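What follows is a short report on a single structure.
A short reminder: the numbers here are calculations on the coordinates, not readings from a lab. Since the model is a prediction, treat every value here as computed from it, not as a measurement. Note: ideal-geometry Cβ built from the backbone for every residue, glycine included; neighbour counts use all protein chains shown.
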Amino acid sequence: MIATRFAVALHILSLLAKDPDGDSTSTRLAWSIGTNPVVVRRISGQLVRAGLISVQRGPGGASLARPASAITLRDVWRAIHPEAEHLLRVHTRTNPACPVGSRIPALLRGRFEAAEAALLEDLGRTTLADLVASLRTETRETMALG
């Protein structure tokens, strides 16, 4: 199972982009996400190291380090999942004496790498600004129906 860290990171960034002057402490962000502030601080640390946000201790909270239009979902993915970390892992301790076991790791790795490349390409086409714009549109539509 893939962890939800990527989704939480996007939630954090969306909150910061949607309301740059709002309360962006880990406690406030955790309230929206429905998690513990420690989780927010841990993921925020990864976003800081990737140059996506800056954080001030205390009442300052967090803010985007660059415009939302300059942050792609791929950037966020790579902040949470470094280049060396594969999404789809191959079991490599197969039996080399078996005709399938000896060949399946390389076969699967090639397919998995192609799938990961397609995912990253797709994520690179969407910016944080696009995501936040979708949030605004859906919020307006929901309010109009309500």
Using alpha carbons only, how many degrees (0 to 90, rounded to 10) separate the axis of helix 128-145 from the longest principal axis of the chain?
60 degrees
By its C-alpha gyration tensor, with a ≥ b ≥ c as the square roots of the eigenvalues, how is the stretch 29-100 shaped: rounded for a/c under 1.5, else prolate for a/b larger than b/c, else oblate?
prolate
In degrees, nearest 10, range 0 to 90: what is the angle between the Cα axis of helix 104-123 and the longest Cα principal axis of the chain?
20 degrees
To the nearest 10 degrees, how steeply does helix 37-49 sit against the main Cα axis of the chain, on a 0 to 90 scale?
70 degrees
Using 0.36 nm per residue, how much length does the chain from Asn95 to Ala65 gain when fully extended, once their Cα-Cα distance is taken away?
5.9 nm
Any idea what the dipole of the chain comes to, in debye rounded to 20, about its Cα centre with Lys/Arg Cβ at +1 and Asp/Glu Cβ at -1?
480 debye
Distance (nanometres) between label positions extended 7 Å along Cα→Cβ at Thr126 and Trp31
2.7 nm
Only one of the listed values, (1) 15.2; (2) 15.6; (3) 17.2, was derived from the coordinates as Kirkwood radius over Cα pairs in Å; which label is it?
(3)
Considering Cα pairs under 8 angstrom that are at least six residues apart, work out the relative contact order of the stretch 44-145 and quote it in whole percent.
30 percent
Quickly work out the Leu88-to-Glu113 label distance, labels modelled 7 Å from Cα along the C-beta direction, and quote it in nm with one decimal.
1.3 nm
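Could you tell me which trypsin sites (Lys or Arg not before Pro) in the stretch 29-90 are loop residues by DSSP with no more than 13 other beta carbons within 10 angstrom of their beta carbon? Walk me through the intermediate numbers first.
Details: sites: Arg41, Arg42, Arg49, Arg57, Arg74, Arg78, Arg89; in loops: Arg57, Arg89.
Passing sites in the stretch 29-90 are Arg57, Arg89.
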What's the longest uninterrupted piece of the chain once you rule out the GluC sites (Glu not before Pro) that are loop residues per DSSP with at most 11 other Cβ within 10 Å?
1-82
